[in-house]
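What follows is one structure encoded as structure tokens, with my remarks underneath.
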Amino acid sequence: MTYDDFLQKILALLQDRLGEEAKVSLHTVYKNNNCKREMLCILEEGSNVSPTIDLFPFYQAACEGMGTDEILEGILAEYRRNRCGLYLDVDEFRHLDRVSSRIVYKLVNYEKNRELLSTVPHRRFLDLAVVYYLLIENHFIGNGTALVQNQQLQIWQTDEEHLFALADANTEKKLGGEILPMEEVVRSILLDDLSRQLEENPGNGDLTHQEVERMAGEILEELMPEKRYEMYVMSNRERYCGAAALLHRHLLADFARSKESSLYVIPSSIHEVILLPETEMVAPEELRNMLREINESGNRSQEYLSDQIYYYSREADELLICGNGAEKPPAGSDGQNEE
């Protein structure tokens with residue numbers, strides 16, 4: 001059975017089981033880098049909010065022999081865990097003055113998102129694109145985001161330039177921007193991971209905080225035994241879509257000034273970038289190889305940002321694409337095209 005056949009079969013069976021109590025439908029959800037998924041929505045009477053359920057894992061289970069009844073029960077169990085029976089006032093999103101303080105931006109790869117970019121307001125930045133989304137804060141359904149579509153500009157009677165001005169102020173104010181040493185970021189991630197594992201395994205609960213820190217330090221030494229480069233991580237406070245901090249030019253300028261150096265920038269994911277002060281030891285081609293390894297590791301299709309290395313010139317206060325084979329971008333090159 002093909003995936004499309006599976007979707008139609010499950011849709012019909014669920015609708016038959018739920019009857020008139022709910023409306024069952026499929027919606028195409030666009031993820032980053034042209035990753036698309038058909039998501040199931042079950043909308044109960046009296047509610048206009050529904051959790052979206054990814055059916056692909058259930059299709060994989062069906063291919064491995066799971067029965068239809070068990071699949072249906074699994075889908076409904078996931079729906080019951082996440083439903084809220086809430087009627088959300090969507091009219092709020094039709095008025096720009098009600099949502100203007102919640103409009104922020106993020107960076108995505110331009111070429112890999114051409115289909116998506118045809119449907120949303122955006123502007124070019126290097127080999128990337130700036131797109132806009134709404135921060136949704138709700139006590140019942142939790143926090144979420146919603147990408148701003150072209151038709152919303154018509155409803156709001158505004159343009160992309162005004163949208164950028166709003167998002168530029170909001171993104172830094174609401175999400176902030178920070179630059180931290182790579183070791184500090186990795187250590188923090190390790191500590192959080194170890195603490196979570198200890199909570200899930202109470203038998204190890206007698207370990208002190210100092211012992212957990214020592215364990216994290218030992219793992220860090222194994223992960224980063226050779227500190228060849230002085231590396232820093234640039235992101236936002238949430239570490240979510242934090243590569244957009246590149247648009248806050250004063251962060252780069254202040255950091256370069258503190259290091260008395262221009263900077264190389266490795267766009268490691270949509271969530272963060274890595275900064276390296278320019279020194280004789282830093283070879284752009286080696287940094288490209290580093291980025292290539294990052295992009296090829298694990299399942300990173302939705303987090304991928306770019307294959308290019310960038311260069312921030314402290315003297316010119318410009319962020320440029322670093323030319324292939326060049327120690328730094330050619331003089332006068334301009335990587336910041338907008339549309």
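Read the figures in this text as sums done on the coordinates, not as results from a lab. Not measured: the values here are computed from a predicted model. All Cβ positions, glycine included, derive from the backbone under ideal geometry; neighbour counts span all protein chains shown.
Filter region 1-30 for residues that are under 17 Å from Leu43 (Cβ atoms), of a type in the set (Ser, Thr, Tyr) and surrounded by fewer than 11 Cβ atoms within 10 Å (Cβ to Cβ) and give the result. Within region 1-30, just Thr28 meets the criteria. Residues in region 248-262 that are in contact with a strand residue (DSSP E or B) (Cβ under 7 Å, 6 or more places away or on another chain), surrounded by fewer than 24 Cβ atoms within 10 Å (Cβ to Cβ), touching a residue at least 24 places away in the same chain (Cβ under 8 Å) and not aromatic (Phe, Trp, Tyr): Leu251, Ala256, Ser261, Ser262. Of all the criteria given as (1) touching a Lys or Arg at 6+ places or on another chain (Cβ under 9 Å); (2) over 30 Å from Tyr133 (Cα atoms), the one not satisfied by Ala283 is (1). Within region 263-282, the set of residues being in contact (Cβ under 8 Å) with a residue 40 or more places away in the chain and out of contact with any Ser or Thr (no Cβ under 8 Å at 6 or more places or on another chain) comprises Leu263, Tyr264, Val265, Ile266, Ile270, Leu275, Leu276, Met281, Val282.
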